[in-house]
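Okay, so here's the structure we're looking at.
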Amino acid sequence: MFHIPNIRTLAAASFSAAILATGISAPAHAKDAIKIAVPAFLSGAAAGPFGVPARNGAEMVIDAINAGKLPEPYSAAGFAGAKAEAIFIDEAGGNAKQVPEYRNLVQKRDVDVIAGYISSGTCAALAPVIEELQRLTIFSTCGTPRIFEEAPRKYIFRSMAHATADSVAAAHYVRTMFPDSHSYTGINQNYAWGQDSWRDFDLTMQQLDSEAKPSEKTQFPKIFAGQYGSEISAMSLDKAEMVHSSFWGGDLESFISQANIRGLFKKKKAILTVGGTAAYRLGKKLPDGIILGARGPYGILVRDRDTALNTWFVTTYKDRYGTYPSGPSYQYAQAILTAKYGYDKAMKDNGGNFPDQDQVIAAIKGAKFESFSTTVDFALADGHQAITENVYGITKYDSENGEPGVTDVKFFPAECVMPPDGETSVEWIKGGMKGAKCN
Amino acid sequence: MDFNTALTILIDGLEFSSYLFIVSVGLTLVFGVMKILNVAHANFYAWGAYMAAWLIGRWTNMGFSEGSTFLMIAVATIVVGLVLGYLVERCVLRYMYERDEVVTVLATFALFLILEDAILLIFGVDPYFADQPMFALGSIDIGGITRTVYGLTMIAVAIVVGIGLWLLLTKTTWGRLLIAVIHDREMSISMGINVKRVYIVTFILGAMLGALGGAYVAPTISVAPGFAVDVVVLSFAVVAIGGMGSIPGAIIGALIVGIARAIAVHNFPQVELFVVFAVMAIVLVFKPEGLFAPERSRKI
Amino acid sequence: MNSSRDWTVPGLTIGLIAAIILGMLVPDWVLSVITISFARALAVIGLLVLWRAGLVSFGHALYYGLGAYTVALLGKYWGVHDVMLLIPAALIVSTVCGFLLGFILRKYREIFFAMLSLAFSMILYGILVKTESLGSTDGFNVGAPTFFGFKFEDVQDNKIAFFSFLCVLGYIAALLVHYYLRSTLGHLTTAIRDNEIRVEYLGYSVAKAIHIKYTMSAALAGVAGACLALTLSQVDPDSMVNWTASGELVFVTILSGTGNVAAPFIGSMIFDLLRTYAFEWAPHAWQLIVGAFLLLIIFFLPGGVWSVIARIFGARRKL
């Protein structure tokens, strides 16, 4: 490669230097305020089940941190003392929209931290851009393992386990609770999330159960199809004992109402890997006896965890928004807390001075701390990918209090459901999940 | 394939075809008469569903029986069709009649964007459930599997809509005027037909049919943002296959797509995603204007 | 032809130089937005050619997607990252595909043309979504381009270089289309729109003329898709192949106006600015703003932004 003088410097010499000033980012110095951008779906189908609860979770925690109202050990006000201004942006509109929007956040609106993102496709599309723009970004919810499998990342963290854990834990749960059921079919949306979820679940089942019998006709309807009459018929005629689904949002709720009245859940055990997001939305309409996941230890599955942080989170959320926090609320709150943890620790390491971005990154790298519902351990991808335990349960409506609940809740340690560094998810599962510690 | 499977495929196909027919017949009617491909048809569908779900919720809260919720479906259909249909035609479309067909499509695309966000602002992001009508009718076993009676009534509704439109078009004076306008607009004007009035009545009728589709489907789904986007493309495919502007075409298009999809779901679920568009492309390659396109005269 | 002098060629030349200089001066986020706008403008020029003949395609995202995925796949599986190979490859793929489909599409007019193009693009969309090795809905990332085997060390320099390259590409495309529209064959465009049968009686084959236009527009959309993929560093079916992407292209065409080959560049920039600010001001209702804007343009500015420019400079409709 040739070395070429910076074009922009040359151009600046011959034209005006004044215009250039906007392009240079300010050096880090002591601040009394930082800007945190929180992208989440605010419009479209994912707004209700994900975006709005996510936004609420982030908003509530940012407010509490600014006011110094979080329980110990996070009661110090601010991010390294600085108050945060939250900027909420819509994640809808596709990747081609989100890439320039991310650029705007960093270069035009000059935010310090970006914490959020739900769509895997968007996270994957943004990853190279984030590395190029070099701004601390904490992915909160998106699940694709690709982010850190493709390349090492310096500026990206992900504060929850990736999607492989959900599918692997689902298979473990089924094997533990229903060792006599071997045959299963699936209904998953025909896009990357649905395809990956089914693949990982199917592969794991085949590893854990020598008699595993996947159906030949698994359903992949189009996302947002809404009408599942034919699919429910086809699955009713199928002999499989279990149905796996990674449906979410309106599709999931439509599917549950249509399948419930047609008795599908009486004939087959349903495993809904993201059913947790629908639990409170469906309320009494969520039938009993469904195996429910929430993409980790979040939402309805950990509502009754008796820790100071969790109790604070659940009660404050319910007071402020009128419902219990669902998975995305927890996940976004966790991403914000990661930033808080990073800033505070970096300040301590920096002798009490306000840290610069590199110091915050160094502080988060490999960190292990208590979040609202679980322990977050940035153990993978050189300390950038968090691992947490995973959990499944079975729905049981609590008619006494008039709210949905879960029974038979089982937790699986992080080391059991996440692949170790250096192996892709599929290789790891196919290789028999070596190194998994499940007890 | 055993008898039960064949029967199931047939009923699944018919149910889905009925759904497709109800949501697309309004589109084809409006196109036939007004030469407008109305992208905002999806909004009538969405608004119909929201209105029905909201009304059903209110109605049952007021203590009325589940069975009477069907009334609310009818109310939602009429209210949305009349109000929204009237507003869209009067405020936007009537200024578009002299413009290019494709510009009009874009105008309806703009309306689509506006009305889609308007729903979000008015009804919020949380889902509406209104499954009382579905539960009121219960379920029955046919061919070894359980079905909802409500799903079967969809077939009846489609037949009623089809026959109703046929009677309207062939047995009433207004219907004959409509057919005259479909065949030759300029000639109709010179014969003294008030085409503007025909237009607005047609558009409101089309809007009602769209709203009926949404209102009737509402009890079976979670009415939440974004659920209607897919309906645009799906109903386009149906009317393109059948021949745009033809009501028998919409019936045949809906049957072909519905049954093809049911066969795919039961036998080759992996190809379900492009069945609809593959059928559409094949039909259009051989019958450029669809199976039942009304004849168009070449003008010199 | 009218008597007033045609300023298109000198105008484009000045525009090219100004754009390249500006590209070096503006902040990065502006550069990125303009690069996306200009890439899209290439496809819009193609739609302009069709529009002049009275044809509107609701499926040009098909070629957009073909171009983008050609670039992405060449990079992923064969390690090709040089624009000198990528752009011609995208051009060839989309031209060949456009030429073949042209045999079918040239028989259609009006809404039927629009619908059939939509059907074809949705089939490609279905295939992409379905196929995991093509990245399904997530798509995949595209590496930074090199130029004649040459890469700038500084990431921003590479972006400026790519933008300048895109400007030159846009300049050439605009000039070629401009000269084409002024040729006899090009003049048929408007005649076809006005009355096809008369054109046939004059002894020209309308089908052939439309076939050529369609292939041209496919080629331009393919190159546009390739450039977009290189700008965004990623491809995915939802933002590049879905019907909404086609709709966006038509939207920008009407916003720009079809009066001049320079219009798409201006219209496309306005569209991106509008979207960026709508997004910032109203994250809950930015679609509503975009929709209302489109409606206003249709009502009050049927000639698009270009008609305003033409009025300001006193130029009557050229060509």
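Applying the criterion of being open to solvent by less than 10 Å² (accessible area, probe 1.4 Å) and under 11 Å from the mean Cα position of the chain (by Cα) to the residues of the range B:194-214, the residue that is farthest from the other protein chains (Cβ to nearest Cβ) is B:Ala207. Does at least one position in the range A:137-149 carry a residue that is open to solvent by 20 Å² or more (accessible area, probe 1.4 Å), part of a loop (DSSP other than H, G, I, E, B), of a type in the set (Lys, Arg) and facing chain C (nearest Cβ under 10 Å)? No. Could you please give the count of residues in the range C:264-284 that are free of Cβ contacts under 8 Å to residues at least 24 places away in the same chain and buried (at least 21 other Cβ atoms within 10 Å of the Cβ)? Total meeting the criteria: 2. Figure legend. Inter-residue proximity from the range A:249-268: first residues at the interface with another protein chain (Cβ under 9 Å from one of its Cβ atoms) and under 28 Å from A:Val52 (Cβ atoms), second residues open to solvent by 10 Å² or more (accessible area, probe 1.4 Å) and among the acidic types (Asp, Glu), beta-carbon distance below 7 Å, spacing 6+ or different chains. Indicated pairs: A:Ser257/B:Asp131. C:Ser217: within 14 Å of another protein chain (Cβ to nearest Cβ) and open to solvent by less than 40 Å² (accessible area, probe 1.4 Å), yes or no? In short, no. Mind checking whether some residue in the range A:54-76 is under 30 Å from C:Ser246 (Cα atoms), modelled with pLDDT of 85 or more, open to solvent by less than 20 Å² (accessible area, probe 1.4 Å) and out of contact with any helix residue (DSSP H, G or I) (no Cβ under 6 Å at 6 or more places or on another chain)? No, the range A:54-76 has no match at all.
Can you tell me which of B:Gly63, B:Gly81 is exposed (fewer than 13 other Cβ atoms within 10 Å of the Cβ) and of a type outside the set (S, T, N, Q)? Outline the logic, then answer.
Details: B:Gly81 fails: exposed (fewer than 13 other Cβ atoms within 10 Å of the Cβ).
After applying the criteria, what remains is B:Gly63.
From A:Val360, A:Val391, grab the single residue that is of a type outside the set (Lys, Arg), touching a Phe, Trp or Tyr at 6+ places or on another chain (Cβ under 7 Å) and under 30 Å from A:Ile89 (Cβ atoms).
Values: A:Val391 fails: under 30 Å from A:Ile89 (Cβ atoms).
Answer to the selection: A:Val360.
Pairs linking a residue in the range A:343-356 that is in the same structural domain as A:Ile65 (by TED's automatic domain parsing) and surrounded by 13 or more Cβ atoms within 10 Å (Cβ to Cβ) to a residue that is assigned to a helix (DSSP H, G or I) and hydrophobic (A, V, I, L, M, F, W, C), with Cβ atoms under 6 Å and 6 or more positions apart or on different chains, are A:Tyr343/A:Val360; A:Lys345/A:Ala363; A:Ala346/A:Val360; A:Ala346/A:Ala363; A:Pro355/A:Ala346; A:Pro355/A:Met347.
When you scan the range C:231-258, how many residues do you find that are of a type in the set (Gly, Ala, Ser), in contact (Cβ under 8 Å) with a residue 60 or more places away in the chain and under 21 Å from C:Leu294 (Cβ atoms)? Even if it seems obvious, please write down each step before you answer.
Kept after step one, since they are of a type in the set (Gly, Ala, Ser), are these residues of the range C:231-258: C:233, C:239, C:245-247, C:256-257.
From what's left, in contact (Cβ under 8 Å) with a residue 60 or more places away in the chain: C:233, C:245-247, C:256.
Among the residues that remain, those that are also under 21 Å from C:Leu294 (Cβ atoms) are: C:245-247, C:256.
The number of residues fulfilling the criteria is 4.
Can you tell me which residue is nearest to the other protein chains (Cβ to nearest Cβ) among those in the range A:204-248 that are assigned to a strand (DSSP E or B) and open to solvent by 30 Å² or more (accessible area, probe 1.4 Å)? Give the steps one after another, and end with the answer.
Step one: list which residues in the range A:204-248 are assigned to a strand (DSSP E or B), which gives A:213-214, A:219, A:242-245.
Filter once more, keeping what is open to solvent by 30 Å² or more (accessible area, probe 1.4 Å): A:213-214.
Numbers: A:Lys213: 17, A:Pro214: 13 Å.
Only one residue fits best here, namely A:Pro214.
Considering the range B:117-161, and only residues there that are open to solvent by 30 Å² or more (accessible area, probe 1.4 Å) and of a type in the set (D, E, K, R), the residue that is modelled with the lowest pLDDT turns out to be B:Asp126.
Residues in the range A:421-439 that are surrounded by fewer than 14 Cβ atoms within 10 Å (Cβ to Cβ) and under 18 Å from A:Ala151 (Cβ atoms): A:Asp421, A:Gly422, A:Glu427.
Under the condition of being touching a Gly at 6+ places or on another chain (Cβ under 7 Å) and within 14 Å of chain C (Cβ to nearest Cβ), the residues counted in the range B:113-153 number 3.
Residue pairs whose Cβ atoms lie under 6 Å apart, sitting 6 or more positions apart in sequence or on different chains, and linking a residue in the range B:247-271 that is touching a residue at least 12 places away in the same chain (Cβ under 8 Å) to a partner that is open to solvent by 20 Å² or more (accessible area, probe 1.4 Å) and polar (S, T, N, Q), do not occur here. Looking only at residues in the range C:130-162 that are free of Cβ contacts under 8 Å to residues at least 12 places away in the same chain and of a type in the set (Val, Ile, Thr), which one is nearest to the other protein chains (Cβ to nearest Cβ)? Among those that are free of Cβ contacts under 8 Å to residues at least 12 places away in the same chain and of a type in the set (Val, Ile, Thr), it is C:Val155. Restricting attention to the range C:229-246, the residues that are facing chain A (nearest Cβ under 8 Å), part of a loop (DSSP other than H, G, I, E, B) and crowded, with 24+ Cβ neighbours inside 10 Å add up to 1. Considered as a group, the residues in the range A:97-126 that are outside any helix (DSSP H, G or I) and farther than 20 Å from A:Ser159 by Cα include one that is least open to solvent (accessible area, probe 1.4 Å), and that residue is A:Arg109. Scanning the range C:85-129 for residues that are open to solvent by less than 30 Å² (accessible area, probe 1.4 Å), of a type in the set (Val, Ile, Thr) and either touching a Pro at 6+ places or on another chain (Cβ under 8 Å) or more than 10 Å from chain B (Cβ to nearest Cβ) (or both) yields C:Ile87, C:Val129.
Results for (1) modelled with pLDDT of 90 or more; (2) in a helix (DSSP H, G or I); (3) more than 30 Å from C:Thr131 (Cα to Cα), shown as yes or no for each residue.
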residue: B:Leu205; (1), (2), (3): yes, yes, yes
residue: B:Gly213; (1), (2), (3): yes, yes, yes
residue: B:Pro219; (1), (2), (3): yes, yes, yes
residue: B:Val231; (1), (2), (3): no, yes, no
residue: B:Met244; (1), (2), (3): no, no, yes
residue: B:Leu255; (1), (2), (3): yes, yes, no
residue: B:Gly258; (1), (2), (3): yes, yes, no
residue: B:Leu273; (1), (2), (3): no, yes, no
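The values are calculated or read from the model by the stated rules, or taken from the named source; none is laboratory data. This is a predicted model, so every value here is computed, not measured. Note that each Cβ is placed from the backbone with ideal geometry, even for glycine, and that neighbours are counted across all protein chains shown. Heavy atoms of the whole protein, side chains included, go into the accessibility calculation; ligands, DNA and RNA do not. Shrake-Rupley method; radii C 1.70, N 1.55, O 1.52, S 1.80 Å.
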